[in-house]
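Only the coordinates and a few stated rules stand behind these numbers; no lab work does. If you're wondering where the values come from, they're calculated on a predicted model, not measured in any experiment. Here Cβ is always computed from backbone atoms with ideal geometry, including for glycine, and neighbour counts include all displayed protein chains.
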Ligand code: KG4
Ligand code: ZN
């Protein structure tokens, strides 16, 4: 069975093709991604209307390239991200998926984007046991409980304000490091001391929810720290950027990994999967590795290209959903920008 996946929920237009191996794994046949990130850079964040227009230009060429790279005339099934995320952006991928499914007369599956971030890991690391997944990107900070990839996912917690990647981007901007700020902040932090400044650990008090996150207080703490330094006569070019970056990064990595390990222990699984673009962060990775090793948890992290949004993740999820016996979606289903995690297929 060959499954095509289409993804257009944010700023990446992805078309991926996989072959289902029948043993809980897939083989990657094509992975075409066109990103509009450069067009958003001067605004300091993704502009939905620009993303939609970029998807419109990129979708058919990405589709053609994927078919040609995979050497496939048409897939056996077509899966698409139906939500959550940006309404106009989703619409482009979904309209394309419906049109191709109708023209090719192949079954159509309208799926939840978040499950794709977990399913994609099976390409590299084999069948997925019951696990906890931590998704961290510019759009997500979710702690999920996954029993089976073909089944609905349970959300254990999420951010109450900024997404983790968004916090990196905002703090990087504050420190004059550009957009997207995550990679630049990570690089600056390499030279810094993570213990230099004791930034707060959001949502870790005894009365706070066990699995939710908050990064806006941390962002404010960094802003206050910079303002205080400036009041003392320190000019922007004299700010200890590496120490501020490393201390901020340490706080984010500490809270994310602490809560993820706690969740795995609470629900009784021994596998933690990371996903989303911010898993490229060196400290989030190394701290997750350290803490998983100490807790006897197997850590699974897809390679960076598969951690960011792409079509392969939706194809891989589609293959699992189909193998689980799901009925195809109707071609009349509507996109859902607010689709809850618990709805795996519409
Ligand atoms: O998954 P992704 O490519 O796009 C979506 O947000 O959907 O993730 C991008 C996010 C951005 O916020 C970016 O700053 C962050 O991931 N990011 C990082 C790093 N690389 C990317 N954050 C921290 N450290 C990094 N090395
Ligand atoms: Zn995503």
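Here are some notes:
- Multiplying the residue separation of residue 234 and residue 332 by 0.36 nm and subtracting their alpha-carbon distance yields 29.3 nm.
- Per residue, the average separation of C-alpha pairs within less than 8 Å and at least 6 apart gives the chain a relative contact order of 26 percent.
- Calculated FRET efficiency for the pair residue 42/residue 207, C-beta based, R₀ 45 Å, to 0.05: 0.60
- The slack in the chain from residue 105 to residue 270, taken as 0.36 nm per residue of separation less the alpha-carbon distance, amounts to 55.3 nm.
- Here, the chain is characterised by an Rg to Rh ratio of 0.99, where Rg is the alpha-carbon radius of gyration and Rh the Kirkwood radius.
- The stretch between residue 193 and residue 298, if pulled fully straight at 0.36 nm per residue, gains 35.0 nm over its current Cα-Cα span.
- For region 217-243 versus region 7-85, the gap between their alpha-carbon centres in whole angstrom: 40 Å
- Reported to the nearest whole Å, the Cα centre-to-centre distance from region 273-297 to region 173-214 is 15.
- Calculated FRET efficiency for the pair residue 68/residue 160, C-beta based, R₀ 45 Å, to 0.05: 0.50
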